[in-house]
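Just below is one structure, and these are the notes that go with it.
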Amino acid sequence: MLEPQPSIEIFGLLLHEPVTALTDVFVSIICLVAYLKLNALPQRSQVQRLFKYYFLSMSLATFLGGVFGHALIHYLPFYMKLPGWIISMLSVALIERALIHYSRKWIDPKIGSFFSKLNIIELLAFLILLLVTLNFQFVLIHAAYGMAIVVTGFSGFVYFKEKNTGSKQILHAVLVSAIGAFFFVFKIGLDKWFNHADIGHVFMMISSVLYYRGARNLIVG
């Protein structure tokens, strides 16, 4: 078990877990750039809207997580972690919905409608569990389910149907995310200044770029 990441002081402001906060902000910047690039595309489809709002919400979630959930947490009550957690769950639901919507041209409308409704029910169920327990594990479980089952399943289905580069890149992004999650869950770090959360954030940066490339290729064809 590594030592806790030391705090640093800048201009009298004490910053807790500074490297973890900084890597969170780096993820936020990458997601914001991805949102702006997708928003600039001439296409105006539902899939594009879902993907771009996935990146916008993930950008906000990781920024709030880095600033309120890590850097300034000792100045704030614990529940200030919740906005970042909740928005990140919404982000996962949005990317699930983007892949479900993209797949609907090949599946029975009733099946598409079922998964669209399940997408909302699943989000609400995990949100209730989070708010009742205030346990971050439900954020992780929701993300694991959404990415490993829904996003992987529908991306794999799309790749089987049209061999689109975008769906393949999203599958690669899920794999990279899973590697990062492994380091995070099992608390495998290199040093107190670069712990399991920092490693997880680096993998999030890489996967965010892959998610963007995949989304763009699905949107533009």
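The values are calculated or read from the model by the stated rules, or taken from the named source; none is laboratory data. Just so we're clear, the structure is a prediction, and the values are computed from it rather than from any experiment. Neighbour counts run over all protein chains shown; Cβ positions are idealised from the backbone, glycine included.
Go through Leu2, Leu14, Leu82 for me and flag whichever is touching a Ser or Thr at 6+ places or on another chain (Cβ under 7 Å) and either buried (at least 21 other Cβ atoms within 10 Å of the Cβ) or of a type in the set (A, V, I, L, M) (or both).
On the way: Leu2 fails: touching a Ser or Thr at 6+ places or on another chain (Cβ under 7 Å); Leu82 fails: touching a Ser or Thr at 6+ places or on another chain (Cβ under 7 Å).
Matching residue, one of Leu2, Leu14, Leu82: Leu14.
Kindly check whether there is at least one residue in the range 108-115 that is without any contact (Cβ under 8 Å) to a residue 24 or more places away in the chain and on the phi > 0 side of the Ramachandran plot.
Quick first cut of the range 108-115, residues without any contact (Cβ under 8 Å) to a residue 24 or more places away in the chain only: 108-114.
Next cut, on the phi > 0 side of the Ramachandran plot only: none.
No, the range 108-115 contains no residue that is without any contact (Cβ under 8 Å) to a residue 24 or more places away in the chain and on the phi > 0 side of the Ramachandran plot.
Quick test for you: out of Ile86, Ile149, pick the one residue that is β-branched (Val, Ile, Thr) and either over 25 Å from Val19 (Cβ atoms) or not in a helix (DSSP H, G or I) (or both).
The unique qualifying residue is Ile149.
Please enumerate the residues belonging to the range 108-126 that are hydrophobic (A, V, I, L, M, F, W, C) and either in contact with a Phe, Trp or Tyr (Cβ under 8 Å, 6 or more places away or on another chain) or closer than 24 Å to Ser88 by Cα (or both). Steps first, please.
Looking only at the range 108-126, we keep the residues that are hydrophobic (A, V, I, L, M, F, W, C), and these are 111, 114-115, 118, 120-121, 123-126.
The answer is Phe114, Phe115, Leu118, Ile120, Ile121, Leu123, Leu124, Ala125, Phe126.
Considering only the range 193-218, state which residues are touching a helix residue (DSSP H, G or I) at 6+ places or on another chain (Cβ under 6 Å), of a type in the set (A, V, I, L, M) and either surrounded by 21 or more Cβ atoms within 10 Å (Cβ to Cβ) or more than 13 Å from Ala34 (Cα to Cα) (or both).
Selection gives Ala197, Ile199, Met204, Ala215, Leu218.
Residue-by-condition table, conditions (1) surrounded by fewer than 21 Cβ atoms within 10 Å (Cβ to Cβ); (2) of a type in the set (Phe, Trp, Tyr); (3) in contact with a Ser or Thr (Cβ under 9 Å, 6 or more places away or on another chain); (4) closer than 30 Å to Glu162 by Cβ:
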| residue | (1), (2), (3), (4) |
| --- | --- |
| Ala21 | no, no, no, no |
| Pro42 | yes, no, no, yes |
| Leu64 | no, no, yes, no |
| Phe68 | yes, yes, no, no |
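What number of residues within the range 8-29 are more than 26 Å from the chain's Cα centre (by Cα) and either free of Cβ contacts under 8 Å to residues at least 12 places away in the same chain or under 30 Å from Tyr53 (Cα atoms) (or both)?
Restricting attention to the range 8-29, the residues satisfying the condition of being more than 26 Å from the chain's Cα centre (by Cα) are 8-14.
Checking which are either free of Cβ contacts under 8 Å to residues at least 12 places away in the same chain or under 30 Å from Tyr53 (Cα atoms) (or both) leaves us with 8-13.
Within the range 8-29, residues that are more than 26 Å from the chain's Cα centre (by Cα) and either free of Cβ contacts under 8 Å to residues at least 12 places away in the same chain or under 30 Å from Tyr53 (Cα atoms) (or both) number 6.
Which residue pairs have Cβ atoms closer than 9 Å, lie 6 or more positions apart in sequence or on different chains, and pair a first residue in the range 202-221 that is on the phi > 0 side of the Ramachandran plot with a second residue that is assigned to a helix (DSSP H, G or I) and modelled with pLDDT of 95 or more?
If the second residue must be assigned to a helix (DSSP H, G or I) and modelled with pLDDT of 95 or more, the pairs left are Gly221/Gly166.
Please determine, by comparing only the residues of the range 169-192 that are β-branched (Val, Ile, Thr) and in contact with a Phe, Trp or Tyr (Cβ under 7 Å, 6 or more places away or on another chain), which one is surrounded by the most Cβ atoms within 10 Å (Cβ to Cβ).
We begin by selecting, within the range 169-192, every residue β-branched (Val, Ile, Thr); these are 170, 174, 176, 179, 185, 188.
Checking the rest, the ones that are also in contact with a Phe, Trp or Tyr (Cβ under 7 Å, 6 or more places away or on another chain) come to 170, 176, 179.
On the way: Ile170: 32, Val176: 20, Ile179: 14.
Per the stated criteria, the residue is Ile170.
List the residue pairs whose Cβ atoms are under 7 Å apart, where the first residue sits in the range 46-70 and is at positive phi, the second is outside any helix (DSSP H, G or I), and the two are 6 or more positions apart or on different chains.
Nothing qualifies.
Just one of Tyr75, Tyr102, Tyr145 is hydroxyl-bearing (Ser, Thr, Tyr) and within 25 Å of Val33 (Cα to Cα); which is it?
Working: Tyr75 fails: within 25 Å of Val33 (Cα to Cα); Tyr145 fails: within 25 Å of Val33 (Cα to Cα).
From the options Tyr75, Tyr102, Tyr145, the qualifying one is Tyr102.
Restricting the search to the range 41-83, which residues are in a loop (DSSP other than H, G, I, E, B), of a type outside the set (A, V, I, L, M) and within 22 Å of Ile10 (Cα to Cα)? Write out each step before concluding.
So the first thing to find is which residues in the range 41-83 are in a loop (DSSP other than H, G, I, E, B), and the list is 41-45, 72, 76-77.
Now drop any that are not of a type outside the set (A, V, I, L, M), which leaves 42-45, 77.
Scanning the range 41-83 gives a single hit, Pro77.
Across the range 152-168, which residue is surrounded by the most Cβ atoms within 10 Å (Cβ to Cβ) among those that are assigned to a helix (DSSP H, G or I) and of a type in the set (Lys, Arg)?
First pass over the range 152-168, keeping only residues assigned to a helix (DSSP H, G or I): 152-162, 165-168.
Right, trim to of a type in the set (Lys, Arg) and you get 161, 168.
On the way: Lys161: 13, Lys168: 18.
Once the filter is applied, the top-ranked residue is Lys168.
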